[in-house]
Every structure is written in structure tokens, then in C-alpha cells.
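Below you'll find the structure, written out as C-alpha cells, and then a few comments.
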4 protein chains.
Amino acid sequence: MCTGANYTTRDHYFGRNLDLEFSYNETVTVTPRNFPFEFRKTDPMRTHHAIIGMATIADGYPLYYDATNEKGLSMAGLNFPENADYKPEVAGKTNITPFEFIPWILGQFETVGEVKAALETISLVDISFSVDFPLSPLHWIISDRTASITVESVKEGLKVYDNPVGVLTNNPTFDIQLFNLNNFMHLSKNPPEKHFSDELEFDVYSRGMGAIGLPGDLSSASRFVKVAFTKMNSVSGDSESESISQFFQILGSVAQQRGCVEVSPGKFEITIYSSCCNTDKGIYYYTTYENSQVTGIDMHKEDLDGTDLVDYPLIKGQQIRMEN
Amino acid sequence: MCTGANYTTRDHYFGRNLDLEFSYNETVTVTPRNFPFEFRKTDPMRTHHAIIGMATIADGYPLYYDATNEKGLSMAGLNFPENADYKPEVAGKTNITPFEFIPWILGQFETVGEVKAALETISLVDISFSVDFPLSPLHWIISDRTASITVESVKEGLKVYDNPVGVLTNNPTFDIQLFNLNNFMHLSKNPPEKHFSDELEFDVYSRGMGAIGLPGDLSSASRFVKVAFTKMNSVSGDSESESISQFFQILGSVAQQRGCVEVSPGKFEITIYSSCCNTDKGIYYYTTYENSQVTGIDMHKEDLDGTDLVDYPLIKGQQIRMEN
Amino acid sequence: MCTGANYTTRDHYFGRNLDLEFSYNETVTVTPRNFPFEFRKTDPMRTHHAIIGMATIADGYPLYYDATNEKGLSMAGLNFPENADYKPEVAGKTNITPFEFIPWILGQFETVGEVKAALETISLVDISFSVDFPLSPLHWIISDRTASITVESVKEGLKVYDNPVGVLTNNPTFDIQLFNLNNFMHLSKNPPEKHFSDELEFDVYSRGMGAIGLPGDLSSASRFVKVAFTKMNSVSGDSESESISQFFQILGSVAQQRGCVEVSPGKFEITIYSSCCNTDKGIYYYTTYENSQVTGIDMHKEDLDGTDLVDYPLIKGQQIRMEN
Amino acid sequence: MCTGANYTTRDHYFGRNLDLEFSYNETVTVTPRNFPFEFRKTDPMRTHHAIIGMATIADGYPLYYDATNEKGLSMAGLNFPENADYKPEVAGKTNITPFEFIPWILGQFETVGEVKAALETISLVDISFSVDFPLSPLHWIISDRTASITVESVKEGLKVYDNPVGVLTNNPTFDIQLFNLNNFMHLSKNPPEKHFSDELEFDVYSRGMGAIGLPGDLSSASRFVKVAFTKMNSVSGDSESESISQFFQILGSVAQQRGCVEVSPGKFEITIYSSCCNTDKGIYYYTTYENSQVTGIDMHKEDLDGTDLVDYPLIKGQQIRMEN
């Protein structure tokens, strides 16, 4: 389904895999400060932080999948079927629709701390964008350089979890995902230690055996453990090239290969795109399933005081560099 | 350590991950037909099939890691520590050193069938290339369009296994790797079926749950299962772009991220490069750990009747395509 | 730690493993109808249902671990460390101490349905039996012939879960234990089906391979899955001998062998006793770690209209029947 | 299928689970010293060591499943389908049929060392006992107080493996079973250590988590790992009651519960009996699936200089000790 993560070297990076069996013509979309954001049940924002991220533009409105604002705050929505539960309008609350949630947060806040405070008065209201764009069941990861949270609107209400791992996949609810990591606490980047018996001899016949037990299937619970292990153990130089490469390697550890997950006969879930935004510099990088070259868009090269969306269609075919 | 695989769409592809904590200045190297191949204990080849692949050139000799000849026969050597056992020179056998094995095979044969016949009189002799290049403990995967074999020189002698999966990693010996797949025969690209109990309700809460139990650690036994599952279930269009992309996705499923396998304090095994050769067209593609763009070299654009090696140093930094 | 379960053939059976590193001189204890039950914060019961079960008798009071009343309602308390959270006395609620919970429930109710209704007004109050018997962190399984529930007093309050599996172990909370079964829904008593690949041959080299993936360690989450699988697939004749034997086999599948779980240096958790009560006939059977012979006590052979506890010390040494 | 093991406290114990879906009227059978042992292709033994064990007596011949001789040497045959390969009669070898193998070994040897020497000239010949008792595909564990070996007659010939674990189950071949233990070397009786990440907090929420990853299904490869872990970590007092109890606990860790392995519709493999022989005292103990009381037969209470087999039918119903 999907995997989101953040990562810090010298700069802070935030991105995600979008895993689906189809594509909605998503583009890298820059929303400048004076693009007028309307909201269905609360006041519009005439001016706001500029935003860059992946979005489907529908009726002139950027439906963001994942995005970062010019202050470095980032947010991604990931599939959360059966668990996501949006509410009827609640009096006395700020009622935000799920499709407005990323613009409303990134339009005005700079830090996760500010977001946490604001979420105390928020309700996610069950209003869809249009007949063509019904409500998606989502939950969200929101990160700045120093902290991440996960937001889930479930039957019991809006839950806000500190996310010390800085990754998110899909079901089950985040508390169970985090609890489940306890079952893997012994996994190690180092060779396994011998505890089975003092009287037997064992052979460390391969490198990597310290992490035996790490799951490799593509279910959301297994991807959570795998990407958490990969991220928490990641080592990287801090140049832009090294950092980006490591980030895409982290996401690659839970990428979905065509054929491994059959959704319906002949339909396969794949990693449509992987993104990595340098949230300090406002540069959004991505690869696609078929195009492994990194493409980049720098928000600061656009007119951020403008009023119109700027969007870059994805480059999807393999961009081969022939040497002869 | 390493993973090799082949894959067929319209054309046939062969490649590998090289997983190590250091690099030997390997380059994409084309050996033309008239490059003189000397062998330590058998007759030289004055003329032979042209070869393209990844090699370290030492004293003018191409020490191939993986390669394909102009007839489409391919071969890769993968690490096989503790198990590889090379022999003293044997009278009555063709004594080939491990570092000569790829040139000797690819120089003269066109099919796996021919190779199997030739292997009956071969012994791998324990002679190293030089003081600086001691013997590597290796085993090999050899593939043409229709079949693959694995060759292992072990204590008991030279073993040649049919390789119906068309993948190879490292330890243990191939018979055990293949046997171990039996323990995973139930894994599926489809959602899990309910067999636990008729009286309980279960929730298929995520896509991909049909493969729960697939290992995700980076040990050689786990990579064998994971890459076998990914390859055997792979679905791809048959264009060059789609085929290459799928092949790199297959290898990506068992790539090694820096930090996950610590070899010695501060030293980490990573996927130095991934290769994918279109064995029908003689085009060798690769990516490196930090450069995810595919780079290609076409053997047929070189003078294949020449006598001199042609080599292309690897492009290693991330090649970002900025859109603005 | 512990495992509880119920099972139905012609009669209904209920029992548990008590897994600990020490024993509290527990005895099989019959409480007759006119034994006066005092409660710390609510009215005493002068007369009540007769009860049989395992208890430590302290100051004349039966501290039951697991028990069944003459109406066939059964209940067991199992360790629930870190999660159990008992409350200060709450006005307007019936405040029951954890050590009174089994007598209070079994003393007056006949069915799980009645218990569920009563639990709506209950609060488990944080009063210990004495300085020598501090509060144990527990949760409970309550079963009649047709239904089971799990009761957990946690930080958020008193949770009552339907328990369709009819088993209980320890941590984590019951909702997570039940959710976790989804990850094992494919496990089967039948041989594995081949889904990995149509192109490879696999060998079902052993019986029992359909349940590969079933955990075998002794942690509470793993025991929950293992005992659930064993119970849900159990097949038994319906005689008393066959039924009891099958029940002890189910509990045996998650028994704790001395040495496998070291609690502190030289201290090992073991299955102190296993119990199996025929809840229809009021006969309580048990085995101990060292005595595998089944010992039985029939509550109906005691004076159930009496006022005094009757207790049978456990027979703990192996009772070998020598044939010559 | 089956599990064999040995264990040493003050005395040495040897036994096994017989896991099948049917029973052959096996009895505890004592063969005295002067019972005439005929062999199909080698000389008879007119006098020999006395033997006690479980056997089906057919046409007056004890077909032993597992047995111990008066010198303390023990041997058990376990199912080894598809792998066992018996040979045509070989000139120059001592040709022993599989059904004669236990009497031939236990009749004359005292130690594993002697057996190893004798096996150098042995061939297991493909002659069945009778039309009604065709050849069983078996392999064997042979133990004395200080060592164990495994004997397998496979396509390549007779293999004799040192067995440092002192356990045996069924397929695959013993070298693979032993190799597979490497994948579990990190399993521990102690709580798991935190290696996943220094930056995250983990909760050891249950005892026993140090062995997470230990398999619990009933396939032969999984039982090998589980029983090896249980045995190698076993702790026991050295009295007869404690030792026997611990031994049956070890075997119980891999017992087969009715319903968990369906062999054909409505037919289930179960642990028909578990045995434990005190090999120093010559006392053979057993339990059955339905009779958990330990029954014992002491070979030294029989006339060991006799000529006739003595057999004790199994006591199979649950032997309940009612206390009131």
C-alpha cells in the first residue's frame, strides 16, 4: 500500500512510496503563497506558506499525497482502510475535510509542536471532494526536523501519536504497529550471538544473519518493521547526493515489485513513485517504478509569491544514459 | 554478499547485485574476439567469443565478476566462503583457475548444454592470480535463454546443479538453498486463504498478506527465498524500458542498504552495483549504490574484432535531472 | 506465564496452565454454598453457588486462581503485568477487589450473559488482600458452555471483550492478541498448497508443513497463537477419558519446560500445574509439572451445603505405575 | 512423524515420541539373552545382550521401534520417507535388513564407539520382513551415555553422522537438519537484548521473548529445532522422578495433538506413545496419547537368561486418581 519516512543527515529529508495498482495523473505541484485556499467548513486562507509535493490537481485544487512547506514541515497521507473513520460536522471544533488536511496544516504551521496544539480542536469531517473523488481512508505522518507524529481519525475519535520511529505504513492502527516492534528488538546489524546452547557449535555462514526474523513480505505490518529497521540503522554521508541516495535506499527496502501482490486478476500493486524532499532546501526529488533516475524540482526556483499552481508531470520511462 | 538472477520477457536478461564493503575499481569491460586469453594450465585462446561484463582489469587481464558473451551465454561468480574448495592440479582433467573460469566458459560456449558437457572434464585448480589477488571462494550461475545451472567446487568435488529458479546468492550449498524453498511453497501473491479455523473470523487487513513468512533480512539464505519469490512472480511488459526496470526491481528486492549489515566497526556491506545485461542485444546496464540512473554500454558499438580491452569506469554519483 | 482455555465435546471443560517459578501452596478447594463470603466494599454473600477450583487459602479465604461453580460457569485469572490497572473506590459502582472477583462472579451467576450485564456496574478497586498478598496484575477469562469473555481493567477503564477463541494468555491486551491471529489465518492442519510458483516443483517432505509459521517460543503472544490453533483444530471422542486427555494435550502444546525461560539466574518458569474441570459434572482434574497422572476431585462428593472450605493438597511427585 | 532424544542427569535416559495415525499393537517387549536371533543374510546370534523396548511382535520376532540393551546402549528408528534407500545384497559386506538393525546392534555392542566401527562394514539390505510388514523408510539414532550418532542409508550409501544434539526427527537428511540450527543460534532462554536501535524504547512485555523465532508447527524440521532448544536448555534435579518428568516434558514440547495434522480426511497423526528408558537401570517408562500416567517395566525383574519374549500390552485409557 504505502510507506512514509523521514531521515536526517545534515539536512532533513521526508518522503514516501506510493503503492497502488493505478495512477491518478499525480504531478509535482508547487502551491505559492497567494494561491487562495478555500475550506468547506472553516475560513479560507488568502495567504499561507508555500508548499511543494505530489498532488492530483482536480478542479484547480491540489489534492496532496505528500508535501513539505517552505518552513520545512512535512506531511503525508497513507491508506488506512477500515480503520479511518471521519465524523459528521462537530459544533465547536474546526472541521477539516481529509482532502483539506495537508493544505490546512502546511499552510500555517512550522513545527510539529504547533501542529499537536492545533489538533486538539480539529475534527476530520466526512465530506468528500466531489462525486469523482470520494473520501479516501487515510492516516497521516507529520514531521519536522526534530519530531514526527501520526494522526488517525478512528471510531473512538482523533488520535495523535508521537512517532519516535519516523515511519508509517498502513494498517493496523499505529499503537499496534509500534507495539509489534517489541517482537523484533533483538534484530541486529551485527552477527548473531550464540545463545541457543553452550554445548553446540554454530556457524555464522553468512553476513546479515543478525537480522534473521525480519519480515520481507509486502503487507503493511511487515513493511513497518522492515523500513523501521532499515531507517534506524541507516548510515550515510551528509552530502546531498549521499543523503538522497540513502533515503531512496531506505524506501527501496520496502518497494513493491510488479507481480508480488495481485489485487485482482492481472492487476498488481507496485510502487508508483518514491519521493524524497529536502525539507530544508525545498527540493522535491522522485523516482517512478520504471524511471529510476532521480528527478528534482526546486520550489525556490518558482515564484512563491504567485497565485497559481505550478505542476510538473512525472517522467515515467527509464532514462538510460548510454555510454557508447 | 551477492545475488544473481536471470529473467526473460521478449529478450533475456542476466545480472547481479555485488554486495561488499569496498570496491576494486571494477569497470564495464568489453573483451573483443582477438584479445589473447592465456590460461595457467591449459591452452590459450587466440580467438574467442566477445564478452561484456563487469571486471577488474589487473595486469591487462579482465577479472570478470559477471559477464555475457556475444552468443547470449552469461555467467556470474558469487561469494561462497568456507564451502568453495579448489583442488591441486589433476592429471587428465582440464585444470582451470577460478579467475579464468568465466573467460574460459564464455570464450567458447553458446549454451548451458554445451557448458554442462564441458564441465565433466574440468577441475578448478587452486592457483591465485597473483599475490595481490588471492583466490576468492566462489560459486557460479551460468544461464542461457532456456536454462541455468549452478557450479560449486566443494570438498567432495565439482558439483553441477540444474537451477530451475535462475537465482543464486551465497551459502549454504545450492542443494540446501533449493531444498529450503519447500518451506515457503505456500507463499502467495494473492490474499491468504483462511485455514486456521472455520469458526473464527479473520480480517485481511492489508494487501500482501499472502506472502507473510517471506524473510526480509539480508542473509544469503533469506535473500535466496525473497529474490526467488519476487522473480518467479514478476510481471512485466516486454519493451526494453519495462524489462530493464522490472529486472532492477527484482534485484532491488534484496539490495543491501548501508547500515543494515555491519562487517566490522564502521564498515558496512552495501550493494556496490546492480547489473542487467540484455543478453540478446549485448547491452550491459548498471546502477550503483549512489547512482540510481541506469547507465548502458552496447558491446556491438565497440570493435569486437579488436585485440584490446575496452573499459568504462562506473559513474557513481547520483545523476539528478533537475526540472527547474 | 499462563494459558487458559475451554473446550467442548459432550461436556464442557475449562482449565489452565499456571506458569511460574514458585508455588503458593495452592490446593484444590471446594467452597460450599454456605461459606460466608465477605467483600471489602460491597455486601457479603451468606449463601451462594458452590465453587471448585485451585486456590491458596489465606486467613480462611480462598484466593482462587481458576474455578467453576455448580452451574458450570468458569473463570480464571491470568497474569497481566504493566497493563492491569485497578482503580480507587468509585462511588455509584460496585467496587470489587481483584482477589474477590472470582468468588463474587461465580457466587451468583450462571451464564456469561449474566456476567456481561453485571460488569457494566463493576469497578475493580485497588485494595490488596493483605501485606503478604499484594495485588496481582491480572486479567480474566470467563466461560460457560456457549460463550467466553475476557475482562481487563486497564488505564482507560474496565474492558469486556467477547472471546470467540476461548483461550487467554497474558500480554499484550486482548484486542491486540486477537488482531494478531489475522497474521496466521493461512495456517492449516492440511499439507501446504503450492502458491509460490507454478514453474517450480516443491516437495511436501513432512507431515505438518501446513502450519509452518506457527510460533513455538513461550512468550505470551506466541502461546496465544499456538494454543488457539491447537484448540480450534482439536478432534476428540466425547468420553470423559478422551475429552480430558485432549484437553490436557491442548494445554500441553504451550507447557513450559524447566530451563527454557530463565527468570533470574537459576530460577526457571515452569508449568506448575495444568487443570481441566468438567464444568457439567463439577469434577476438577489436574496434573503437575512432575506428576503427569491425572488426579480428580468431584465437588458433588463433598457436602455442598456446608460452611467450611474443603481442600486437597496437590500430589506432586511422579506417580509411576510399575508393571513388574 | 516422530521425535527421539536422550538426556542425562545422574542416570542416562533415552526415548521417543511415536507419531502416527494408527497403532500396530506395539507392546513393551523384553528380549532375554537366549532368545535366538536369526538374520536373513548373516549369522544368527544364539546368545546376546538382553534388550527392552517397544516392539510389534510378528511371527515371534520383536520388530523394535526403540530399545535399550542391558549395557545401556540405545537405538530408535524414525520415519525417513523418500530419503531412506536400502540396497541389494552386497558381497563382502554384512548385509542387515532394516528390521534386524536394532537387534543386531543392541545384541552385541556396548558403546557408540563400537557401533561406529561396526558400521563401516554394514549394508542395509532391501529385504522386507514379510508381505504384511513391508520395509519402512527409516533412519536411526544410537546413543550411549556419552555420545549419539545418526545412521542414514541414502542413495549415496550409508551415512553415519555424529549427533551432538542427541535428538532426531525425520526429513530432511541429518546434515541439513543440523545446518538449519545455525539459523536459530540467537534464541535464548533469557530476555531479548535490544539491538534493533539505540534510539527507540522497547518493552519486554512477556517472559520467554528471548526465544521468539522458535518454530511451533509439527513438521519434522520445526520439531527438530524446538526439541533441540528444549533439550539443550533443560534443567532438572537428578532423582528418578525429576529426571523422568523432565524427559517427558522435553518430548511433550513436540507432541502431536489430535486435529493439528490431518493425514487424510478424518485421520490425524498423534503422539501414540512417548517413551523414556533409564538406560542405566534398564527400566522402560511410557505414556500414551490418552494415558498420561507413567507406566514402567523393569527388565531386571524378568528372567534375562530365558529364551522367550516377555511383552506388556500398553495401558491406553486415562488412569485417573480420584481423591474423593
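Filtered by the rule that a residue be at the interface with chain A (Cβ under 7 Å from one of its Cβ atoms) and among the aliphatic types (A, V, I, L, M), segment B:216-258 gives B:LEU218, B:ALA221, B:VAL235, B:ILE244, B:ILE250, B:ALA255. Residue pairs whose Cβ atoms lie under 7 Å apart, sitting 6 or more positions apart in sequence or on different chains, and linking a residue in segment C:114-126 that is modelled with pLDDT of 95 or more and among the small types (Gly, Ala, Ser) to a partner that is surrounded by fewer than 16 Cβ atoms within 10 Å (Cβ to Cβ) and not in a loop (DSSP other than H, G, I, E, B), are C:SER123/C:LYS87.
Going by the conditions given, is D:VAL263 β-branched (Val, Ile, Thr) and surrounded by fewer than 21 Cβ atoms within 10 Å (Cβ to Cβ)? Considered against the rule, which asks whether it is β-branched (Val, Ile, Thr) and surrounded by fewer than 21 Cβ atoms within 10 Å (Cβ to Cβ), D:VAL263 comes out as yes. Scan segment B:305-324 residue by residue and report those that are more than 7 Å from chain A (Cβ to nearest Cβ), surrounded by fewer than 20 Cβ atoms within 10 Å (Cβ to Cβ) and more than 22 Å from B:LEU20 (Cα to Cα). Matches in segment B:305-324: B:ASP305, B:GLY306, B:THR307, B:ASP308, B:LEU309. Residues that are in a strand (DSSP E or B), among the polar types (S, T, N, Q) and within 19 Å of B:PRO103 (Cβ to Cβ) within segment B:128-149 comprise just one, B:SER143. From the list A:THR271, A:THR288, A:THR279, the one residue that fits, being free of Cβ contacts under 8 Å to residues at least 60 places away in the same chain and β-branched (Val, Ile, Thr), is A:THR288.
The rows are residues; the columns are (1) among the charged types (D, E, K, R); (2) out of contact with any strand residue (DSSP E or B) (no Cβ under 6 Å at 6 or more places or on another chain); (3) under 23 Å from B:ILE142 (Cα atoms).
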| site | (1), (2), (3) |
| --- | --- |
| B:ALA255 | no, no, yes |
| B:ILE270 | no, yes, no |
| B:SER274 | no, no, yes |
| B:TYR284 | no, no, yes |
| B:ASN291 | no, yes, no |
| B:ASP298 | yes, no, yes |
| B:VAL310 | no, no, no |
| B:LYS316 | yes, no, no |
| B:ARG321 | yes, no, no |
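Here D:GLU262 does not fit the description of being more than 29 Å from C:SER206 (Cβ to Cβ) and among the acidic types (Asp, Glu). Within segment D:170-193, the set of residues being of a type in the set (S, T, N, Q), facing chain C (nearest Cβ under 9 Å) and over 28 Å from C:ASN190 (Cβ atoms) comprises D:SER188, D:ASN190. Residues that are among the aliphatic types (A, V, I, L, M) and assigned to a loop (DSSP other than H, G, I, E, B) were ranked within segment D:291-310; the one that is nearest to the chain's Cα centre (by Cα) is D:VAL294. Of all the residues that make up segment C:194-215, how many are assigned to a loop (DSSP other than H, G, I, E, B) and within 7 Å of another protein chain (Cβ to nearest Cβ)? Number of matching residues: 15. Screening the candidates A:THR271, A:THR295, A:THR288, A:THR279 for the property of being more than 10 Å from every other protein chain (Cβ to nearest Cβ) and crowded, with 16+ Cβ neighbours inside 10 Å yields one hit, A:THR279.
Restricting attention to segment A:216-226, the residues that are of a type outside the set (Gly, Ala, Ser) and not in a helix (DSSP H, G or I) add up to 2. The number of residues in segment D:240-266 being among the hydroxyl-bearing types (Ser, Thr, Tyr) and in a helix (DSSP H, G or I) comes to 3. For A:TYR285, are the conditions met, namely being among the aromatic types (Phe, Trp, Tyr) and in contact with an Asp or Glu (Cβ under 7 Å, 6 or more places away or on another chain)? Considered against the rule, which asks whether it is among the aromatic types (Phe, Trp, Tyr) and in contact with an Asp or Glu (Cβ under 7 Å, 6 or more places away or on another chain), A:TYR285 comes out as no. Restricting attention to segment D:158-184 and to residues that are assigned to a strand (DSSP E or B) and touching a residue at least 60 places away in the same chain (Cβ under 8 Å), the residue that is farthest from D:PHE229 (Cα to Cα) turns out to be D:LEU168.
The values are calculated or read from the model by the stated rules, or taken from the named source; none is laboratory data. All of these numbers come straight from a predicted model, not from anything done at the bench. Methodologically, a virtual Cβ is constructed for each residue, glycine included, from the backbone with ideal geometry; neighbour enumeration extends over all protein chains shown.
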